[in-house]
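The values are calculated or read from the model by the stated rules, or taken from the named source; none is laboratory data. Here the structure is a predicted model, which is why all the values come from computation and not from measurement. All Cβ positions, glycine included, derive from the backbone under ideal geometry; neighbour counts span all protein chains shown.
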There are 2 protein chains.
Amino acid sequence: MLQIALAQMRVVPGRPDRNTETMLKYIANARKQNADLVIFPEMAIPGYLLGDTWEQTSFLEECESCGEEIIAAAQGITIMFGNVAVDWTKKNNDGRVRKYNAFFTAQDGRLVAPESMPYPFVVKTLLPNYREFDDTRHFFSLQKLARELGVATENLLAPIHLAVHGTTYAVGCLLCEDGWSDDYELTPTDILRRKEQLDFFVNISSSPYTLGKNEKRRRLFGRLAATAGAPLLYVNNVGIQNNGKTVYTFDGMNAAYDEHGTLRVEGEPYEETTQLFCLETLREQKAVPEKIEPDAAYICRALTYGVRLFLETIGMKRVVIGVSGGIDSAVAAALYARVLPPQDILLVNMPSVYNSETTKGLARRLAENLGCRYTTVPIQPSVELTIEQLESAKIENLFDGTTDRLSISSFMAENIQARDRSSRVLAGLAAAFGGGFTCNANKAETTVGYSTLYGDQSGFFSALADLWKHQVYDLARYLNEEIYKREVIPQETIDIVPSAELSDAQDVDKGQGDPLIYPYHDFLFRSFVERWQKATPQDILEWYANGTLEKEIGCASGLVGKHFPTPQDFIADLERWWNQFSGLAVAKRIQAPPILAVSRRAFGFDHRESQNGPYYTKKYKALKAKLLGE
Amino acid sequence: MLQIALAQMRVVPGRPDRNTETMLKYIANARKQNADLVIFPEMAIPGYLLGDTWEQTSFLEECESCGEEIIAAAQGITIMFGNVAVDWTKKNNDGRVRKYNAFFTAQDGRLVAPESMPYPFVVKTLLPNYREFDDTRHFFSLQKLARELGVATENLLAPIHLAVHGTTYAVGCLLCEDGWSDDYELTPTDILRRKEQLDFFVNISSSPYTLGKNEKRRRLFGRLAATAGAPLLYVNNVGIQNNGKTVYTFDGMNAAYDEHGTLRVEGEPYEETTQLFCLETLREQKAVPEKIEPDAAYICRALTYGVRLFLETIGMKRVVIGVSGGIDSAVAAALYARVLPPQDILLVNMPSVYNSETTKGLARRLAENLGCRYTTVPIQPSVELTIEQLESAKIENLFDGTTDRLSISSFMAENIQARDRSSRVLAGLAAAFGGGFTCNANKAETTVGYSTLYGDQSGFFSALADLWKHQVYDLARYLNEEIYKREVIPQETIDIVPSAELSDAQDVDKGQGDPLIYPYHDFLFRSFVERWQKATPQDILEWYANGTLEKEIGCASGLVGKHFPTPQDFIADLERWWNQFSGLAVAKRIQAPPILAVSRRAFGFDHRESQNGPYYTKKYKALKAKLLGE
């Protein structure tokens, strides 16, 4: 009988000391619970998303040394864990020291590995190099090692043999992507199971949470276990890790599938726990029912956890949130209020002459509902001073001795207001309050740069910037109904037209709002960013011409005809936003705060972009000319 | 006799239409000059640094279609060029359509390729995946193709055979990294030359300029040609390309080495030109002498070119530059004045009560020397208004009905000044002037975040942020002496102590300046970022203990003892800056403007980082305790 403990540990990236300490605690606990085997996630010691920290020799030495501590702790218990493995005698293709993303198995203070391997550990075979993943930048793959050794990769891939209580178990050891091999030229799970009948698979992962991934993983891993006729144990860390611009939550969701592919054991999302069970009686446990919640539930959980841990990571204990009475800032406030005590949250309303009594009242009601700190700092005097000062500045033309003056248009004055709020008031208040101020941008605005740099685009963190506007509304309702179970976000904030209130033309009381038609643009923009084959104006216009656009982008039907009566209207709108998306919005995103990622494609390191401007293909231009009757 | 034209073309990234047009012009010219063969750089049609634009199907189709235009143009002339090649029937490892970084040779409207290849083009073998390069993210390598076909890579690699005027030439076709194979498990040049005696090599590249790269390339390619006993022709594009945060210049420097490795033909840096020569008489041409210039000359050329093209790329015609009288802003102004006419440059001095008459005078003198536009916008009234407003704001504590007020410390007031200058004055003026405002940060400040977010850290572009402070001074002298040949940057600006002048404690007239000791910290910080094996406090402290620190980091000797009399002093300084570098400075860099890269390691996409905070290894802590006698 093999008692197994799956350690759903929190991995702190870049902190091998803390992670080793955590692991030693899990090991002591597992031993107390009479576990024979305790399994930790991929890269449990260093963490996974570390940027180029992998190029610091002293950091690699430290990880090795921490690994030795864990190996030494394997007394009377078998330990499986992920760590970076270094071959100091060999090189990577970048000329730096050879590094592997490795799977270690320690027993009685010694390492157990497949006999086929030249190293005492298993090497990750499939190295993801898409989205936020950069594995091939840092790690040498099993395929490259095989080529170097002059053998087939298949020869190196073999189960390990683990002797416990007189029984020997054949275990297929996988590292994360090794189990997701659909698009690769080799399938590690098939190679392993064909070598001999396996007693079980172990997949150690460091797998960022994104919407829909858990359902996909359950199907995939269930099928994999059933095909092999062997249980599959999945161990993933909790915590957050980031690549600078993009911050990911890790939800753990450790799992044990029996040999028929039925899920029998599952960890709670984002909890630091251990799942203990007996391998031989796994199939007798109650099957874990499939529980599908609305997207807002997953989003709320990921955002709450992500915000809490991000604040902890950067050592921030207080936040200032600019609240306009609108939806985005209200949701941000309601979210932070789940993480910080009310005395550590300062909501600030910063009216100019353009802000309505309606929204000012809503901002205050939100603060009252949350019971946090609240203040009002009008920006009118400062904005007027700025405009006056800039318009009266004497520009000396030193090339001809003349002088000039500049003038401020109403569009410029809008941006002056936005910057005044963020860079002057919020940044100043945040420093005095001993915290940071939040960026409340959503993904639709972020996509097309409908925001002001150093204005509403700024802040220490963007918790909502991976949510489309309709997801922000869903989250608002979910927070009221399911989390607070009362109207914390005023219903009127949910009901009024979204508006920046930066000019007379944006009067909420007259229903004048943003230029974005969210029920359509949310979906149009999503096709630019999240669609598998990213859509461009050519695709969009072809779908429009075929009458399949609404279906292709997934918006409600009837919207296109309603908002764009003619092809001229449709094309003008499409080009306006494509130009913004590929132009100024890229410049803004380069200077935007870090984004908490939940979608299938988040801005930042997950969606890499160059400031190259918009492009229209020949096919697009031809179809446009045809539609316009040119 | 084979007449060859090397096209040192400007490639505009993401603009296949413009690049195709450019190529057709070069082809027409080459034909006029009776060239038999015209060679274009790697990825001449799409450009090279495109982020994830490679995931847009319509963009790939467009590149294919443009490639067909070029192939069709190969009538009476042979054309070699780089383009993306798509196999629509196969997949990459990310599940998207199969893409190759490919080398095409077209003759009489048809493609010529090695008989060994399943495609009518040559596939890049070595895909760089370090620094700013992400080739493996997008392109399938020749090795992977070989594995898929079940053959050795060596079997696929073969010369092409080119028939011109009745003579058949065996040509080794290389794509950029294929010629830089030192750290790879196979050497394409060796494999090719062993197959048969080659008549020449062609290396088509898209190789970003960085300091020292040209010298290294000349040595490497000269040796390569000599070893093979065959001429080597190198074709690289000019222009700029970016990965969002990091902007690279491409200097072309097309070259022809004869079969002894002697450089016979070379393009001028950054010029759009053609090098025409006869293969058979190449060795009779005069050898190109090795010309080593001071670093400042290369930097000045790269920066001037980079700034000009970046402005063009984003369509910006005017700039506003905040000038303090200090060195960084003066160099920025002198640099932009080489690119834009004086009437399109507005220098702004923004004094507070802390700015000395000395620096105010220097700012004005700089503007007079450049003969551009100049204005003064004092920030004192606005800063006082802000402090007054923030301190008088009534904070309502809605949880207990009490009220509070916040207070602004002198440190907070420093940041308020910095933000007032940039986000209020410069951003407003820039909009009114019809341009952007520059960020004048240098690399030392950027490394440790000695700057204010939304203050001096902001701007549309950081032209100097890849230069250490001593390089900024070198550039100042070079601009005065070699470019302007007069004192444009006032000598006093070069001579005074660098200071932020944000408080009474930073009085330049009393010699009070920045907390950075640039002659030491420039080099300490460089070891964190640019050193091959990145240095960490552990390495630094070991060198300090061994007395080799100054030698290891390359600063002048005697500095460490002079500035840090005791180990306590030394360690306090080291930890102060390491904490900043790994902590708040990362957060600031995430929101910093794009950087023009010239060094061996620039911040941004070239030096990827996570916001994980500082780390100190066990070895560091032990050595620290020993040095402190604990």
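Examine the range B:140-150 for a residue that is modelled with pLDDT of 95 or more, surrounded by 20 or more Cβ atoms within 10 Å (Cβ to Cβ) and part of a loop (DSSP other than H, G, I, E, B), and state whether such a residue exists. Yes, the range B:140-150 has at least one match.
Screening B:331, B:288, B:320 for residues that are in a loop (DSSP other than H, G, I, E, B) and touching a residue at least 24 places away in the same chain (Cβ under 8 Å) leaves exactly one candidate, B:288. The residue of the range B:388-403 that is surrounded by the most Cβ atoms within 10 Å (Cβ to Cβ), among those that are more than 8 Å from chain A (Cβ to nearest Cβ) and not charged (D, E, K, R), is B:403.
Taking the range B:361-386, which residues are part of a helix (DSSP H, G or I), surrounded by fewer than 18 Cβ atoms within 10 Å (Cβ to Cβ) and in contact (Cβ under 8 Å) with a residue 12 or more places away in the chain? Steps first, please.
Of the range B:361-386, the ones part of a helix (DSSP H, G or I) are B:361-370, B:380-386.
From what's left, surrounded by fewer than 18 Cβ atoms within 10 Å (Cβ to Cβ): B:361, B:368, B:380-381, B:384-385.
The answer is B:361, B:380.
Return the residue satisfying two criteria in turn: it lies in the range B:114-137 and is surrounded by fewer than 20 Cβ atoms within 10 Å (Cβ to Cβ) and under 16 Å from residue B:98 (Cβ atoms), and of such residues it is farthest from the other protein chains (Cβ to nearest Cβ). Among them, the one singled out is B:120.
List the helices (runs of 4 or more DSSP H) inside the range B:404-472, counting only whole elements, that have at least 1 residues being facing chain A (nearest Cβ under 8 Å) and either at pLDDT 95 or above or more than 19 Å from residue B:519 (Cα to Cα) (or both).
Numbers: elements: B:410-419, B:427-433, B:443-448.
So the answer is B:410-419, B:427-433.
Evaluated against (1) in contact with a helix residue (DSSP H, G or I) (Cβ under 7 Å, 6 or more places away or on another chain); (2) at pLDDT 95 or above; (3) under 30 Å from residue B:432 (Cβ atoms), residue A:356 falls short on exactly one condition, (2). Among the residues in the range B:520-528, are any under 30 Å from the mean Cα position of the chain (by Cα) and within 14 Å of chain A (Cβ to nearest Cβ)? Yes, the conditions are met somewhere in the range B:520-528. Among the conditions (1) touching a Lys or Arg at 6+ places or on another chain (Cβ under 9 Å); (2) more than 30 Å from residue A:462 (Cβ to Cβ); (3) in the same structural domain as residue A:182 (by TED's automatic domain parsing), residue A:269 misses just one, which is (2).
Yes/no per residue for (1) at pLDDT 95 or above; (2) within 11 Å of another protein chain (Cβ to nearest Cβ); (3) surrounded by fewer than 24 Cβ atoms within 10 Å (Cβ to Cβ):
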| residue | (1), (2), (3) |
| --- | --- |
| A:73 | yes, no, yes |
| A:81 | yes, no, no |
| A:98 | yes, yes, yes |
| A:111 | yes, no, yes |
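Out of B:274, B:375, B:304, B:313, report the one residue that is touching an Asp or Glu at 6+ places or on another chain (Cβ under 8 Å) and at pLDDT 95 or above. Quick ask: steps written out before the conclusion?
Details: B:274 fails: touching an Asp or Glu at 6+ places or on another chain (Cβ under 8 Å); B:304 fails: touching an Asp or Glu at 6+ places or on another chain (Cβ under 8 Å); B:313 fails: touching an Asp or Glu at 6+ places or on another chain (Cβ under 8 Å).
Exactly one residue qualifies, and that residue is B:375.
Look through the range A:44-65, keep the residues that are more than 18 Å from residue B:535 (Cα to Cα) and surrounded by 22 or more Cβ atoms within 10 Å (Cβ to Cβ), and return whichever of them is farthest from the other protein chains (Cβ to nearest Cβ).
Taking the range A:44-65 as the starting set, the residues that turn out to be more than 18 Å from residue B:535 (Cα to Cα) are A:44-45, A:47-49, A:65.
Pick out the ones that are also surrounded by 22 or more Cβ atoms within 10 Å (Cβ to Cβ) and you get A:44-45, A:47-49.
Working: A:44: 15, A:45: 13, A:47: 7, A:48: 10, A:49: 6 Å.
The residue in question is A:44.
For the range B:594-630, taking the residues that are within 12 Å of chain A (Cβ to nearest Cβ) and assigned to a strand (DSSP E or B), the one that is surrounded by the most Cβ atoms within 10 Å (Cβ to Cβ) is identified as B:595. If the condition is being within 13 Å of chain A (Cβ to nearest Cβ), surrounded by 21 or more Cβ atoms within 10 Å (Cβ to Cβ) and touching a Gly at 6+ places or on another chain (Cβ under 7 Å), then the range B:314-337 contributes only B:320. Here is a list: B:538, B:591, B:568. Which entry is surrounded by 23 or more Cβ atoms within 10 Å (Cβ to Cβ) and over 28 Å from the mean Cα position of the chain (by Cα)? Exactly one residue qualifies, and that residue is B:538.
Scan the range B:473-487 and tell me whether some residue there is within 14 Å of chain A (Cβ to nearest Cβ), closer than 20 Å to residue B:311 by Cβ and surrounded by 20 or more Cβ atoms within 10 Å (Cβ to Cβ). Let's see the steps before the verdict.
Of all residues in the range B:473-487, those within 14 Å of chain A (Cβ to nearest Cβ) come to none.
No, that holds for no residue.
Which one of B:538, B:533 is polar (S, T, N, Q) and at pLDDT below 95? So that I can check it myself, show each step before the final result.
Details: B:538 fails: at pLDDT below 95.
Residue meeting the stated conditions: B:533.
The numbered conditions (1) in contact with a Phe, Trp or Tyr (Cβ under 7 Å, 6 or more places away or on another chain); (2) at pLDDT below 95 are all true for residue B:629 except (1). Is it the case, given these coordinates, that residue B:299 is among the β-branched types (Val, Ile, Thr), in contact (Cβ under 8 Å) with a residue 12 or more places away in the chain and part of a loop (DSSP other than H, G, I, E, B)? In short, no.
Pick from the range B:529-574 the residues that are hydrophobic (A, V, I, L, M, F, W, C) and in contact (Cβ under 8 Å) with a residue 60 or more places away in the chain: which of them is farthest from the other protein chains (Cβ to nearest Cβ)? Show your work before the answer.
As a first pass, look at the range B:529-574 and keep what is hydrophobic (A, V, I, L, M, F, W, C): B:529, B:532, B:535, B:540-541, B:543, B:545, B:549, B:553, B:555-556, B:559-560, B:564, B:570-572, B:574.
Still in the running and in contact (Cβ under 8 Å) with a residue 60 or more places away in the chain: B:529, B:541, B:545.
Working: B:529: 10, B:541: 10, B:545: 14 Å.
The residue in question is B:545.
Output the residue which, of all residues in the range B:41-89 that are part of a helix (DSSP H, G or I) and of a type in the set (A, V, I, L, M, F, W, C), is nearest to the chain's Cα centre (by Cα). Even if it seems obvious, please write down each step before you answer.
Restricting attention to the range B:41-89, the residues satisfying the condition of being part of a helix (DSSP H, G or I) are B:51-55, B:57-72.
Remaining after also requiring of a type in the set (A, V, I, L, M, F, W, C): B:54, B:59-60, B:63, B:66, B:70-72.
Numbers: B:54: 21, B:59: 25, B:60: 26, B:63: 26, B:66: 28, B:70: 30, B:71: 32, B:72: 35 Å.
So the residue we want is B:54.
If you go through the range A:338-351 and keep only what is touching a residue at least 24 places away in the same chain (Cβ under 8 Å), within 14 Å of chain B (Cβ to nearest Cβ) and of a type outside the set (Val, Ile, Thr), you end up with A:340, A:342, A:343, A:344, A:346, A:347, A:349, A:350, A:351. The residue that is farthest from the other protein chains (Cβ to nearest Cβ), counting only those in the range B:15-36 that are surrounded by fewer than 24 Cβ atoms within 10 Å (Cβ to Cβ) and not in a helix (DSSP H, G or I), is B:34.
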